[in-house]
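Participant: The structure is given below, and queries will be raised subsequently.
The values are calculated or read from the model by the stated rules, or taken from the named source; none is laboratory data. Just so it is clear, the model here is predicted, and its values are computed rather than measured. All Cβ positions, even for glycine, are placed from backbone atoms using ideal geometry, and neighbour counts span all protein chains on display. To get the accessible areas, we keep the full protein, side chains included, count just its heavy atoms, and leave off ligands, DNA and RNA. Shrake-Rupley method; radii C 1.70, N 1.55, O 1.52, S 1.80 Å.
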Amino acid sequence: MKIAIVGLGYVGLPLSLQFARSGVNVLGLDVDPAKIESLNAGRSYIKHIESSAIAEHVKAKMFEASADFSRIKEVEAVIICVPTPLNKNREPDISFIINTGKSIAPHLHKGILIVLESTTYPATTDEDLRYVLEAGSSLKAGADFHLAFSPEREDPGNPNSKVAAIPKVIGGYTPACLERAKSVYGKAIKTLVPVSSCRAAEATKLFENIFRSVNIALVNELKVVYSAMGIDVWEVIEAAKTKPFGFMAFYPGPGLGGHCIPIDPFYLTWKAREYVQNTRFIELAGEINTAMPEYVVNRAGEALNAQRKSINGSKVLIVGLAYKADVDDDRESPSYVLMNLLQQRGATVAYYDPYVPVIRPTREHPHWAGMKSVSWDKETLASYDVVLIATKHASVNYRELGDWSRCIVDTRNAMAGIPAKAGQIWKA
Ligand SMILES: NC(=O)c1ccc[n+]([C@@H]2O[C@H](COP(=O)([O-])OP(=O)(O)OC[C@H]3O[C@@H](n4cnc5c(N)ncnc54)[C@H](O)[C@@H]3O)[C@@H](O)[C@H]2O)c1
């Protein structure tokens, strides 16, 4: 069997490798020529994916990357893993899906399966994508070609999360579409979870991410309330999670980050308006989580104040630029928001992140592009008035940080168990 996977990013690349490993021939399609060149040369551009894993499949001719969408005619199935961001008005931007649909539609043939994996609002697959595919191909979904939605459940940075072992939800446009999608995914994924429609599958993915967003907001709110009462929320979470039923631990932080949790819930908010429905939990969670960087910066202000200093004129080092531990992904990272807020208040800001040696240009924070991570040594660390831990990478030596830095604002409980001087560590 030969399939195409469109969009070779954090989702599409590991999925491609999993299919190749399972004996399915994979044509990877992307619009970024640098990625195509890198993959065909057996080089990875994602930290947690080994170059050797790519090179092995390229050499065995089980995986090839290309920008030539006319090669869709070679494959039995196309899986779409392109970005689904929000636009500047925080509304869904499904233009990547639509553009992909337009690129592949002229090359569709009878019997082909098209699956969308990008997180999106219910009805994207059976309305928006279907219209583009049918208009560009003069074929009919459900009659001439199969159409399905199957959300990605990638957990970047988690070494125990293997694509093959994560159950895969699938919804088809028709029962026959579902059967076809099950037979394709069944080659690479152990457990399939069929649902009644593309919309039910789309709604499932949004529910999973909204669940996280709301629970993170709850624990962020408790962090602020308990801190005012002199209670450490981290200690409380550790104790609460000993309950063997009915509790699941979520952890506070400096704000939401990444490509999913800060964004996806608002896909539902937007779609719900069409049905005159409100999404109050989603909005409230968004409000609380968005307020976190401000809270953290205020804590940094208190920490400086205790040293008779102000944010204005201080040197602040952010430790951790990636949005979560042990990954190199800085998309939507709250570290940027912290840097902006600190700079606006007159601080001189720098960062340390072993996985982000230099800041790439981004649409949201173009002014930080080109800044380099500082080096990790005593002299450098000691030169900052305050160090703010935004991400807890396992490879960072927090004991050294405790020895070298006079004041640390810790949003991740990274300094737990490390001896500290009175007033040195400020949880935030
Ligand atoms: N990263 C995650 O952990 C994760 C987890 C679950 C779901 N998702 C969802 O999966 C989708 C993809 O996310 P990602 O993190 O892989 O994004 P990404 O930005 O890492 O990768 C997307 C890729 O698509 C390519 N692309 C863009 N437009 C294209 C087009 N018209 N044709 C072909 N290729 C195109 C880009 O060049 C890029 O290589 C999103 O909807 C996201 O919400 C991501």
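Participant: Suppose a student asked you for the relative contact order of the range 316-420, using Cα pairs under 8 Å spaced at least 6 residues apart; what percent would you report?
Facilitator: Relative CO of the range 316-420 lands at 30 percent.
Participant: Taking θ = phi - 60°, what integer Hz values does the Karplus form 6.51 cos²θ - 1.76 cosθ + 1.60 yield along the range 50-60, in sequence order, with x for Gly and Pro?
Facilitator: 6, 4, 4, 5, 6, 4, 4, 6, 5, 4, 7
Participant: Given a 1.4 angstrom probe, I'd like the percentage of the accessible area of the range 50-114 that is carbon and sulfur, rounded to a whole number.
Facilitator: On the way: 1640 of 3120 Å².
In the range 50-114, the share of accessible area belonging to carbon and sulfur is 52 percent.
Participant: Pairs of Cα atoms under 8 Å, at least six residues apart: use those to get the relative contact order of the chain, whole percent.
Facilitator: Computed value for the chain: 11 percent relative contact order.
Participant: Compute the signed sum of charges (Lys and Arg +1, Asp and Glu -1) over the other residues within less than 13 Å, Cβ to Cβ, of Phe19.
Facilitator: Cβ neighbours under 13 Å give a net charge of +1.
Participant: Could you tell me which of Val225, Val193, Cys260 has its Cα farthest along the dipole of the range 188-285 towards the positive end, charges placed at Cβ (Lys, Arg +1; Asp, Glu -1), taken about the Cα centre?
Facilitator: Val193
Participant: Can you give the charge dipole size of the chain about its Cα centre, rounded to the nearest 20 debye, using +1 on the beta carbon of Lys and Arg and -1 on the beta carbon of Asp and Glu?
Facilitator: Here the size comes out at about 340 debye.
Participant: Report the chymotrypsin sites (Phe, Trp or Tyr not before Pro) located in the range 211-272 that are in a DSSP loop and have at most 13 other Cβ atoms inside 10 Å of their Cβ, or state none.
Facilitator: Details: sites: Phe211, Tyr226, Trp234, Phe245, Phe247, Phe250, Phe266, Tyr267, Trp270; in loops: Phe245, Phe247, Phe250.
Within the range 211-272, the qualifying chymotrypsin sites (Phe, Trp or Tyr not before Pro) (loop, at most 13 other Cβ atoms within 10 Å) are Phe245, Phe247.
Participant: What is the Cα centroid distance between the range 201-250 and the range 47-113, reported in whole angstrom?
Facilitator: 35
Participant: Taking the Cβ of Asp385 as the centre, find all other residues whose Cβ is under 9 Å away and add up their charges (Lys, Arg: +1; Asp, Glu: -1). Intermediate values should be presented prior to the final figure.
Facilitator: Values: positive: Lys309, Lys315, Arg406; negative: none.
Once positives and negatives cancel, what remains is +3.
Participant: What do you get for the angle between helix 334-344 and the principal long axis of the chain? Use alpha-carbon atoms, 0 to 90 degrees, nearest ten.
Facilitator: Around 50 degrees separate the two axes.
Participant: Tell me the per residue accessible area of the chain using a 1.4 Å probe; a whole number in Å² is fine.
Facilitator: 45
Participant: Could you give the dipole magnitude of the range 150-234 about its Cα centre, charging the beta-carbon of Lys and Arg +1 and that of Asp and Glu -1, in debye to the nearest 20?
Facilitator: Details: 11 positive and 8 negative charges, 89 e Å.
The dipole of the range 150-234 has a size of about 420 debye.
Participant: What residues qualify as long-range amide H neighbours of Ser66, i.e. H under 5 Å apart, gap of 5 or more or another chain, H built at 1.01 Å from N?
Facilitator: Result for Ser66 returns Gly28, Leu29, Asp30.
Participant: With the dipole of the range 285-428 worked out from charges on the C-beta (+1 for Lys and Arg, -1 for Asp and Glu) around the Cα centre, which of Val374, Ala325, Pro357 lies farthest toward the positive end?
Facilitator: The residue sitting most towards the positive pole is Val374.
Participant: Within the range 119-252, what is the number of lysine pairs with alpha carbons under 16 Å apart, leaving out pairs fewer than eight places apart on the same chain?
Facilitator: 8
Participant: Hey, any idea what % of the range 251-290's accessible area is carbon plus sulfur with a 1.4 Å probe?
Facilitator: The value for the range 251-290 is 60 percent carbon and sulfur by accessible area.
Participant: So, one more: Can you show me the helix-derived [θ] at 222 nm for the chain, built from DSSP H runs with n ≥ 4 at -39,500 (n - 2.57) apiece and divided by the number of residues, rounded to the nearest 500. Walk me through the intermediate numbers first.
Facilitator: Numbers: 13 runs with 154 residues, N = 428.
Rounded to the nearest 500, it is -11000 deg cm²/dmol.
Participant: When Lys and Arg each count +1 and Asp and Glu each count -1, what net charge do the other residues less than 11 Å away from Gly101, Cβ to Cβ, add up to?
Facilitator: 0
Participant: What's the longest uninterrupted piece of the chain once you rule out the trypsin sites (Lys or Arg not before Pro) that are loop residues per DSSP with at most 10 other Cβ within 10 Å?
Facilitator: With trypsin sites (Lys or Arg not before Pro) excluded where exposed in loops, the chain gives 111-307 as its longest stretch.
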